[in-house]
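See below for the structure under consideration.
The values are calculated or read from the model by the stated rules, or taken from the named source; none is laboratory data. Because the structure is predicted, anything quoted here is derived from the model rather than measured. Glycine also receives a Cβ, built like all others from the backbone with ideal geometry; neighbour counts cover every protein chain displayed.
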Amino acid sequence: MPELSKMRKPDVKVVILGDMNVGKTSLLHRYMERKFKDTMSTVGGAFFLKQWGPYNISIWDTAGREQFHGLGSMYCRGAAAVILTYDVTNWQSLAELEERFLSLTDTANNDCIYAIVGNKADLTDPQAQLLANQDGLTEDQREWDMERTGEPRVPSACPTPPASPISLSGVSVNKQVSREDAEALYGRILRYKGLEETNSLPADKMCFETSAKTGYNVDTLFETLFDMVLPSILKKRTEREGSPTVDLEECKGTGKRARAACC
Ligand SMILES: Nc1nc2c(ncn2[C@@H]2O[C@H](COP(=O)(O)OP(=O)(O)OP(=O)(O)O)[C@@H](O)[C@H]2O)c(=O)[nH]1
Ligand SMILES: [Mg+2]
C-alpha cells in the first residue's frame, strides 16, 4: 500500500454501492487489474485511484453487508457519480438498492450522476459469457496471450455466437431482473432526487449489464462514467484555481487507455 503522503490528490470521487455478493469488488478488480479473481466479502470500504488523462479519479468500493451500512453515507459524501449495483439473477438485490442504498446517496453532490448496473450477466446472457469484444476472446485469454507473446491473438475464424447459455458453459440461471426493471428504478431515483426525466441523462444510457467474470461491458461502464464526470472535475478545478475557461472537448476521453493505479 503506497504511503498516503505520496498519493496523488483525487479530483473527483466515484462510489460503488449495492448488496453483498453482487460483485462490486469483482467489477473493480476487473477494471483496474484486468482480472477476475477470488474475493473476500469487503469490510468497511476500499479505495482505488485511477488516472484518467490528466485527472485522478478515486473509486470507492463499499461493503454490502448490513453491519457496515452506517458507513455508506460517509463514503458517498461529495461523490460525483454513484454506481448502484445489483445481481441480474437476484431480484432482491435490485429491491435493496431502493430500500437500503438510495438514501445513502443523500450526501453525494447535487449534480451527482447515477448508474444502475446489473452484474453477473454471464450467467444469463450468451453474449456476456463470451465478452462483447469482436475477437470473442475473454479478457483472461487476451491477457495471457499478451504476456506470453507480447502480441494479441489473431482469431482464426470469426466466432459464432452460441445459441443458448447452456451450449456454452452448461450453466443456465434464470434472469430475475430485466433491463426494463432497472430502467424503471432509474426513473424512480430521478423522482427521489427531485429531477426531471427530460433534463436528466436518459435511462437507457445509465443502465448497464456487466460481467466482472468475462469483462463484458466493464470498461464501457467505467469509461462512460469518467467522461460524464469531467464537467464536475473541471468545475472543481476552476473553483480551486480560479481559471476562467477550460476546453471540455480537449480534455474529453484523453485517458481512455491509461493503466490503473490502485492502493
Ligand atoms: N458468475 C459471476 N460471478 C461473479 C461476478 N462478479 C462477482 N461474482 C462472484 O460473486 C461473489 C461475490 O463477489 P464480490 O465481488 O466479492 O461481491 P461484493 O459485491 O463485493 O460483495 P461484498 O463485498 O460482500 O459487498 C464472488 O464469488 C464472485 O466470484 C460475475 O460477473 N459473474
Ligand atoms: Mg466487496
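Close contacts from region 191-220, counting a first residue that is on the phi > 0 side of the Ramachandran plot and a second that is within 16 Å of ligand 1 (Cβ to nearest atom) and assigned to a helix (DSSP H, G or I), with Cβ to Cβ under 9 Å and a gap of 6+ residues or different chains, come to 215/30; 215/31; 215/139; 215/140; 217/121; 217/128.
So that you can scan it fast, the table gives a plain yes or no per residue for (1) under 15 Å from the mean Cα position of the chain (by Cα); (2) acidic (Asp, Glu):
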{"site": "10", "(1), (2)": "no, no"}
{"site": "19", "(1), (2)": "yes, yes"}
{"site": "30", "(1), (2)": "yes, no"}
{"site": "57", "(1), (2)": "yes, no"}
{"site": "62", "(1), (2)": "yes, no"}
{"site": "65", "(1), (2)": "no, no"}
{"site": "74", "(1), (2)": "no, no"}
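For region 52-98, taking the residues that are surrounded by 23 or more Cβ atoms within 10 Å (Cβ to Cβ) and among the polar types (S, T, N, Q), the one that is farthest from ligand 2 (Cβ to nearest atom) is identified as 93.
Strands (runs of 3 or more DSSP E) fully within region 50-133 that include at least 1 residues being modelled with pLDDT under 95 and either out of contact with any Phe, Trp or Tyr (no Cβ under 9 Å at 6 or more places or on another chain) or not aliphatic (A, V, I, L, M) (or both): 55-62.
Given the criteria away from ligand 1 (no atom under 13 Å from the Cβ), touching a strand residue (DSSP E or B) at 6+ places or on another chain (Cβ under 8 Å) and not hydroxyl-bearing (Ser, Thr, Tyr), does residue 21 qualify? For residue 21, the condition - away from ligand 1 (no atom under 13 Å from the Cβ), touching a strand residue (DSSP E or B) at 6+ places or on another chain (Cβ under 8 Å) and not hydroxyl-bearing (Ser, Thr, Tyr) - is not met. Report, by residue number, each residue of region 103-123 that is in contact with a strand residue (DSSP E or B) (Cβ under 9 Å, 6 or more places away or on another chain) and either within 16 Å of ligand 2 (Cβ to nearest atom) or polar (S, T, N, Q) (or both). Within region 103-123, 104, 105, 109, 117, 119, 120 meet the criteria.
Please indicate, with yes or no, whether at least one residue in region 74-91 is out of contact with any Pro (no Cβ under 7 Å at 6 or more places or on another chain), more than 19 Å from residue 10 (Cβ to Cβ) and without any contact (Cβ under 8 Å) to a residue 60 or more places away in the chain. No, there is no match, as no residue in region 74-91 is out of contact with any Pro (no Cβ under 7 Å at 6 or more places or on another chain), more than 19 Å from residue 10 (Cβ to Cβ) and without any contact (Cβ under 8 Å) to a residue 60 or more places away in the chain. Scoring residue 43 on the criteria (1) within 11 Å of ligand 1 (Cβ to nearest atom); (2) closer than 19 Å to residue 206 by Cβ leaves a single failure, condition (2).
Residues considered: 40, 32, 74. Of these, the only one that is aliphatic (A, V, I, L, M) and farther than 20 Å from residue 212 by Cβ is 74. Considering region 20-46, and only residues there that are closer than 19 Å to residue 220 by Cα and among the charged types (D, E, K, R), the residue that is nearest to ligand 2 (Cβ to nearest atom) turns out to be 24.
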